[in-house]
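**Q** What follows is a structure written as structure tokens; I'll ask about it next.
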Amino acid sequence: MKPVIVVHGGAGRIFKEREEGSRAGVVRAALRGYGILKQGGSALDAVEEAVRSMEDDPHFNAGCGSVLNEKGEVEMDAIIMDGKNLDSGAVAAVKCIANPIKLARLVMEKTKHMLLTDHGARLFAQAMGVPETPEEKLITERSRERWRKNLEPDSNPEEFQKDLGTVGAVAIDCEGNVACATSTGGLSNKLIGRVGDTACIGSGGYADNRSGAASTTGHGESIMKVVLARLILYHVEQGMSPEMAADTALDYMKTRVGGLGGVIVVNSSGEWAARFSTKQMSWATVKDDQLHYGIYAGERHTKSVDEALTSESG
Ligand SMILES: COC(=O)C[C@H](N)C(=O)O
């Protein structure tokens with residue numbers, strides 16, 4: 001099986017000044033994940049590494065760079081899933097952690113449970129020896145500024161809500177195993193304790209070797225209503241291509257509940273799609289040593305992996 005990775009850096013509206021950073025961030029994440037797959041590594045390791053690289057990148061709303069809740073705090077959600085045995089692990093409303101995706105994987109591998117929240121997730125992180133990260137290190141000038149603006153009486157939260165950058169990855173490895181991972185700071189100025197789609201299996205992501213893997217981004221409450229990731233894989237199971245399945249499910253979410261979003265999908269034959277109903281979504285993929293990436297509908301740049309790695313290191 002030829003390995004494939006697809007990543008996204010959030011659907012919505014990406015402000016001009018953030019476009020280059022978002023493109024560079026998804027390209028870096030895809031190349032890192034692909035590097036693992038090329039060496040015979042697992043889809044699970046590849047999606048974790050790709051998501052971790054975007055959690056560490058302040059351009060995205062995950063890990064460092066997460067948006068703030070109504071009280072000005074960072075509360076993050078993340079999920080990871082293994083398509084081989086349908087195991088998954090998630091954390092919700094977790095604080096003071098640099099890489100929630102790593103903690104989600106530990107929940108999957110070291111507990112009998114699938115989802116830990118807030119205080120319990122923090123205790124579990126301590127027990128696993130995951131260091132606490134001071135909250136200030138996760139908060140960027142930009143997320144603080146956005147939070148402040150949203151508190152102003154004449155603010156237009158819709159405008160700021162659009163510029164979100166949840167991150168996600170899906171992959172298939174040389175053995176034909178698929179996996180997905182998704183991580184987010186959620187919606188800005190959300191209520192304390194609000195958990196979105198990202199931590200919920202079937203909504204923020206799903207992976208099953210029998211069909212494929214999907215990771216989602218967009219308006220969380222809408223994504224949860226239609227259980228978007230599982231819905232896409234249902235369409236794949238019924239014979240649709242990843243692109244058709246993604247478009248059909250996104251269209252259903254738009255017409256049925258008025259929600260917009262974006263998805264990345266890989267099926268069990270290694271066919272992939274990156275589709276969105278929002279104005280933009282940053283995405284990147286590597287297959288057959290060719291990198292493709294874009295932000296706007298119809299935008300697609302292509303480079304060889306060698307060329308991309310050279311310009312990365314240069
Ligand atoms: C692009 O924004 C997001 O993906 C936010 C995330 N789906 C949430 O609602 O928590």
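**Q** Within the range 111-125, can one find any residue that is crowded, with 20+ Cβ neighbours inside 10 Å, within 16 Å of the ligand (Cβ to nearest atom), more than 28 Å from Pro3 (Cα to Cα) and not hydrophobic (A, V, I, L, M, F, W, C)?
**A** no
**Q** While we're looking at this one, here's another question. Can you tell me which residue within the range 91-145, out of those that are without any contact (Cβ under 8 Å) to a residue 12 or more places away in the chain and of a type in the set (A, V, I, L, M, F, W, C), is farthest from Asp77 (Cα to Cα)?
**A** Filtering the range 91-145 for residues that are without any contact (Cβ under 8 Å) to a residue 12 or more places away in the chain and of a type in the set (A, V, I, L, M, F, W, C), the one farthest from Asp77 (Cα to Cα) comes out as Ala127.
**Q** Within the range 28-44, can one find any residue that is closer than 24 Å to Arg146 by Cβ, surrounded by 20 or more Cβ atoms within 10 Å (Cβ to Cβ) and within 14 Å of the chain's Cα centre (by Cα)?
**A** Scanning the range 28-44, I find at least one residue that is closer than 24 Å to Arg146 by Cβ, surrounded by 20 or more Cβ atoms within 10 Å (Cβ to Cβ) and within 14 Å of the chain's Cα centre (by Cα), so the answer is yes.
**Q** Shifting gears a bit: Out of Thr278, Thr302, which single residue is polar (S, T, N, Q), farther than 30 Å from Met108 by Cα and free of Cβ contacts under 8 Å to residues at least 24 places away in the same chain?
**A** The conditions single out Thr302.
**Q** To continue, here is another question. Inspect all residues belonging to the range 150-159 and state whether any of them is of a type in the set (A, V, I, L, M) and crowded, with 19+ Cβ neighbours inside 10 Å.
**A** Our first condition is that a residue be of a type in the set (A, V, I, L, M); within the range 150-159, this holds for 151.
Next cut, crowded, with 19+ Cβ neighbours inside 10 Å only: none.
No; the residues of the range 150-159 include none that is of a type in the set (A, V, I, L, M) and crowded, with 19+ Cβ neighbours inside 10 Å.
Laboratory data are not the source of any read-out in this text; all were calculated from the coordinates shown. Bear in mind the structure is a predicted one, so any value in this text is a computation, not a measurement. We place every Cβ from the backbone using ideal geometry, glycine too, and count neighbours over all the protein chains shown.
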